[in-house]
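The values are calculated or read from the model by the stated rules, or taken from the named source; none is laboratory data. Just so it is clear, the model here is predicted, and its values are computed rather than measured. Cβ coordinates were reconstructed from backbone atoms using ideal geometry, including for glycine residues, and neighbour counts include every protein chain displayed. For the accessible areas, the whole protein counts, side chains as well, though only heavy atoms, and no ligand, DNA or RNA atoms are used. Shrake-Rupley method; radii C 1.70, N 1.55, O 1.52, S 1.80 Å.
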Amino acid sequence: QVQFVESGGGLVQPGGSLRLSCVASGSIFEFYAVGWYRQVPGKQRELVAAITTKGGTNYTDSAKGRFTISRDNAQNTVYLQMNNLKPEDTAVYYCNGALSDRLLEYDRYLEVWGQGTLVTVSS
């Protein structure tokens, strides 16, 4: 089993940047596809970026061109670089993983959710 801990959120002005980090416990991290999700109160959690075990990436339309997901297996860490942030990016951001990137959309295949990290984009 793998546990994920998110960090790096904060308050940033529109147009600014943040880099989120997701540190995973466990020696099998390299076998996990990992996704970054976000949730706004009253709405469903949304998968915004995903990275496969081999480094392939995928993004939701709203994240394309602005967000970059990457991983460092030696550090058991996945990053989300967010540029040109917009007020609508305000949310709690979570990371989680599954044994295939095709399973990242299905809660039952994910690990236990962490606390997330709050990103607030406001002037």
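Counting only residues that are open to solvent by less than 10 Å² (accessible area, probe 1.4 Å) and of a type in the set (K, R), how many does segment 102-114 have?
0
Would you be able to say whether some residue in segment 44-51 is open to solvent by less than 70 Å² (accessible area, probe 1.4 Å) and part of a loop (DSSP other than H, G, I, E, B)?
No, segment 44-51 contains no residue that is open to solvent by less than 70 Å² (accessible area, probe 1.4 Å) and part of a loop (DSSP other than H, G, I, E, B).
Inside segment 1-43, can you point out the residues that are in a strand (DSSP E or B) and charged (D, E, K, R)?
E6, R19, R38
Within segment 77-101, how many residues are open to solvent by 50 Å² or more (accessible area, probe 1.4 Å), touching a residue at least 40 places away in the same chain (Cβ under 8 Å) and in a helix (DSSP H, G or I)?
The number of residues fulfilling the criteria is 2.
Would you confirm, using the coordinates I've provided, whether T120 is in a strand (DSSP E or B) and either touching a residue at least 40 places away in the same chain (Cβ under 8 Å) or open to solvent by 30 Å² or more (accessible area, probe 1.4 Å) (or both)?
Here the answer is yes, as T120 does meet what is asked.
Looking only at segment 52-76, which residues are in a strand (DSSP E or B) and open to solvent by less than 30 Å² (accessible area, probe 1.4 Å)?
Passing the criteria: F67, I69.
Find the residue count for segment 20-43, including only residues that are closer than 17 Å to G114 by Cβ, out of contact with any helix residue (DSSP H, G or I) (no Cβ under 8 Å at 6 or more places or on another chain) and open to solvent by 40 Å² or more (accessible area, probe 1.4 Å).
2
Going by the structure shown, is V34 free of Cβ contacts under 8 Å to residues at least 60 places away in the same chain and on the phi < 0 side of the Ramachandran plot?
Spelling it out, it is not the case that V34 is free of Cβ contacts under 8 Å to residues at least 60 places away in the same chain and on the phi < 0 side of the Ramachandran plot.
Any residue in segment 51-67 that's more than 23 Å from Y32 (Cβ to Cβ) and of a type in the set (K, R): show its pairings with residues that are outside any loop (DSSP other than H, G, I, E, B) and open to solvent by less than 40 Å² (accessible area, probe 1.4 Å) at Cβ separation under 8 Å, as long as the two are six or more apart or on different chains.
Close Cβ pairs (under 8 Å, with a partner that is outside any loop (DSSP other than H, G, I, E, B) and open to solvent by less than 40 Å² (accessible area, probe 1.4 Å)) amount to R66/M82.
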